[in-house]
Every structure is written in structure tokens, then in C-alpha cells.
Ligand code: PA5
């Protein structure tokens with residue numbers, strides 16, 4: 001990974017100080033200190049190194065068994081309980097050949113979406129995994145109830161038990177008794193790892209393995225990033241430093257941009273990671289995602305000349321091997337060139353035009369999109385988000401604001417008329 005931070009006219013001394021502050025937080029986060037802010041939820045920082053090999057074997061073996069049993073694997077979860085898995089699986093355009101198709105559910109309560117899946121469950125060979133750290137989140141619990149009834153009806157209790165998997169908190173997960181009573185195979189979410197930092201636990205690893213992708217390489221990439229230099233003078237820390245300093249200058253939106261459509265869900269994962277990590281106490285940059293070229297023709301005008309309250313973080317994939325030669329008559333500028341070459345020109349062109357317009361643009365370069373580089377990016381952004389929150393005086397690992405709508409919704413649910 002190579003990082004070029006925005007040249008945002010920030011005083012070098014101020015940037016250096018912010019990097020030092022961040023490096024200090026990094027040191028504390030990596031230490032055994034259990035007293036600092038958020039210390040109860042830092043299990044993810046050493047996870048790539050400490051993850052139990054037996055657990056990884058168990059996940060891979062379970063994925064093999066699921067592959068033998070079904071063509072459709074339904075993953076029920078919301079927020080951190082599905083976005084990381086979908087980010088990785090989508091980056092590879094879905095499952096590898098011969099592995100079950102992964103369909104996500106439980107992140108909405110749309111009858112039409114659920115009915116469509118019900119029809120697929122009726123006609124296809126299915127396994128399901130419900131993922132909820134708390135085991136109390138309404139959206140996944142409701143979809144789980146519908147699909148479980150269907151799977152029990154279709155396969156009968158004895159077989160259905162072997163087709164349903166549960167991933168929940170090791171001690172506090174409310175789905176634990178459900179798994180125990182039905183003897184569903186279950187995996188733990190460690191107590192000290194919160195939802196949006198849990199993609200490298202069974203939460204992300206099981207669905208990714210069922211899709212046929214190499215979870216060991218993903219963990220290796222994250223491990224590589226864990227062991228990288230996170231000191232003040234490193235290449236990694238300035239990204240977080242500059243994004244917090246830009247916010248202090250009124251740049252309240254971070255636009256994550258990519259010219260690779262398969263990063264769409266990686267963008268959704270980033271939205272949750274940054275939105276919930278630093279969006280509190282009236283602080284934080286609103287995270288949004290843009291897919292180019294598509295969005296250059298909808299929002300490009302605004303970026304170039306509209307209200308300048310944002311900065312950009314572009315994820316650039318340097319080698320894009322899946323390419324197409326453009327069939328264009330000789331003598332014209334496109335002749336003999338490839339789509340990805342032209343895509344690269346658009347990418348470079350956007351950066352040049354935006355920098356000329358005075359927009360701060362960070363560039364995160366990866367060589368190519370594979371499990372290892374995705375693992376690196378996951379850990380890099382997790383650490384950058386956590387350090388950003390710390391220097392803003394925030395606890396990176398709570399999300400008290402998510403509860404507010406739930407309280408209102410639960411009141412309204414109680415007043416609903418029973419429909420059968
Ligand atoms: O980051 C978080 O902790 C949250 O966004 C959760 O991932 C989300 O609310 C889902 O919670 P749960 O896994 O308990 O169902």
C-alpha cells in the first residue's frame with residue numbers, strides 16, 4: 001500500500017504534532033493498558049496476530065461442509081454484522097465458481113425483498129447464518145424468524161439444525177440460548193470486539209470462506225498492516241492526521257472515491273466505520289462514497305465548482321488485470337488501447353482537475369485487488385478511524401446514537417395492531 005496525503009496547505013509543524021499525538025494513541029491502543037477510553041473494545045488491534053489457528057481451521061472446515069450442502073447461503077445481519085463480509089465478497093464479484101452464492105438479508109424489513117428470498121429458499125438448496133453481536137437487533141431477528149420457519153418446514157428439524165449457523169457475542173449474545181437449544185453450530189464474537197471492527201472475526205470470515213475466498217490471505221494482509229510502521233514519521237499515520245486537521249478547517253465531508261465498481265460495498269463498510277466511530281458529540285466528517293466514472297456525470301459538477309466543504313480520499317488500484325481492448329479504427333486516439341488504460345486516464349485526470357480546483361485529495365494506492373490487499377486496507381482504515389476519533393477526544397468504539405431510533409421504533413411496534 002502506498003499513501004499520498006492531500007496537499008492541503010496545512011502547516012508542517014501542526015501536521016507533525018498531530019501525527020505525534022496519533023502515534024501516541026496508537027502506542028496506547030497496542031499496549032495492555034486497560035484503563036484508557038475504549039480500552040474494553042480493542043480486541044481487534046492484535047487480532048490478525050493472535051487469532052486462534054484452530055478457529056481459522058474450524059471456519060474453513062465449516063465452509064467446506066456448507067459448500068457440500070447448499071447452493072445458496074443466506075447471511076442475516078445488519079451494520080458491522082454484514083457490511084465487512086459483503087465488502088470483501090463484492091470486491092471479488094461474488095463467490096468463486098463452485099461455491100455457494102451468498103445473499104445478505106436482515107439489513108432491511110422490506111416485505112418484497114424478504115418474499116423474493118422466501119421463494120428462493122423454497123426452490124434452492126439452502127443454508128443460513130444469523131449474525132448479531134447483541135442478538136437483540138430487530139431487523140436481523142425478524143428475517144431470521146421468517147427464514148428459520150421456512151427452513152424447518154422444508155427440511156424437518158433434524159436436517160434443518162445442520163443448515164443453520166449462529167454468530168453472536170461469546171457471553172452476552174442473546175442468540176446463544178437459541179443456538180444451544182437447537183444445537184446449531186455457532187461461533188463467538190469476542191467480547192472486546194465491536195460490530196464495525198469485527199470483519200476479521202467469524203462475522204466476516206465465515207461468509208467470506210463460504211464464498212470460496214482465501215481468509216488466511218486476508219488475515220495475512222491485515223497482519224502485515226498491523227506490523228507496519230505506525231510511528232509519527234511513518235507513511236500511514238499522516239492520513240488520519242490530515243483528515244482530522246481538514247475537519248478543523250471546515251471540511252466536514254469525506255468522499256471515498258474509486259474507479260472500480262467492485263469496491264461499492266467496501267465504500268458502504270467505510271461509511272459505517274467512520275460514521276459510527278467519529279460521528280458523535282457534534283463532531284466527525286460525514287462519510288460518503290462515489291463510484292467514478294458514473295458519479296462524475298451526476299456529482300462531478302458539484303465537486304469541481306460547488307460548495308467546498310469536503311475532501312476526497314481516492315482508493316486507487318494500480319494493476320487492473322481484467323481488461324478489454326477497445327475496437328476502434330486505427331488512427332484515432334482510442335485505437336489499440338484498453339478500457340482500463342482509459343479508466344486510468346480518467347482517474348488521473350480527475351485528481352489533476354480537483355487539485356487545480358483546490359480540493360484536498362488523499363490517494364490510497366494498492367497494487368491489485370486481492371485478499372491480501374483487502375486485509376491490509378481493512379486494518380489500515382480501522383486503525384485510521386480509531387486514531388482519528390481519539391485525537392478528537394471521542395470513544396471510537398461506542399455508538400450511543402444508534403439506540404435513539406430503536407427506542408422510538410419499539411414504542412411504535414407495541415402500538416401496532418396484530419395482523420393475524
Ligand atoms: O458497529 C456496531 O456495533 C453496530 O453498527 C452493529 O454492527 C449493528 O448495530 C448491528 O448490531 P448487532 O450485531 O448487535 O445486531
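Descriptive notes on the structure:
- Some residue of segment 149-162 being in contact with a strand residue (DSSP E or B) (Cβ under 8 Å, 6 or more places away or on another chain) and either buried (at least 23 other Cβ atoms within 10 Å of the Cβ) or under 30 Å from residue 44 (Cβ atoms) (or both): no
- Residue pairs meeting the criteria (Cβ under 8 Å; at least 6 apart or on separate chains; first closer than 16 Å to residue 229 by Cα, in segment 1-18; second part of a loop (DSSP other than H, G, I, E, B)): 2/235; 3/235; 3/236; 16/232
- Test for residue 256: is it at pLDDT 95 or above, under 20 Å from residue 102 (Cα atoms) and buried (at least 18 other Cβ atoms within 10 Å of the Cβ): no
- Unique match (being under 23 Å from residue 264 (Cα atoms), outside any helix (DSSP H, G or I) and either over 27 Å from the mean Cα position of the chain (by Cα) or away from the ligand (no atom under 16 Å from the Cβ) (or both)) among 368, 340, 347: 368
- Yes/no for residue 112 being outside any strand (DSSP E or B), farther than 30 Å from residue 274 by Cα, within 16 Å of the ligand (Cβ to nearest atom) and free of Cβ contacts under 8 Å to residues at least 24 places away in the same chain: no
- So residue 395, is it assigned to a loop (DSSP other than H, G, I, E, B), within 30 Å of residue 282 (Cβ to Cβ) and either at pLDDT 95 or above or within 28 Å of the chain's Cα centre (by Cα) (or both): yes
- Residue in segment 217-236 that is in a helix (DSSP H, G or I), more than 16 Å from residue 378 (Cα to Cα) and at pLDDT 95 or above present: no
- Of the numbered criteria (1) surrounded by 14 or more Cβ atoms within 10 Å (Cβ to Cβ); (2) not in a helix (DSSP H, G or I), the one residue 387 fails is (2).
- Among the residues making up segment 115-138, those that are assigned to a strand (DSSP E or B) and more than 7 Å from the ligand (Cβ to nearest atom) are 126, 127, 128, 129, 130.
- Some residue of segment 177-187 being within 16 Å of the ligand (Cβ to nearest atom), surrounded by fewer than 24 Cβ atoms within 10 Å (Cβ to Cβ), assigned to a helix (DSSP H, G or I) and in contact (Cβ under 8 Å) with a residue 60 or more places away in the chain: no
- Just one residue in the set 208, 215 is buried (at least 20 other Cβ atoms within 10 Å of the Cβ) and either closer than 30 Å to residue 34 by Cβ or free of Cβ contacts under 8 Å to residues at least 60 places away in the same chain (or both); that residue is 215.
The values are calculated or read from the model by the stated rules, or taken from the named source; none is laboratory data. Note that this is a predicted model, so its numbers are computed, not measured. Here the Cβ is made from the backbone with ideal geometry for all residues, glycine too, and neighbour counts use every protein chain on show.
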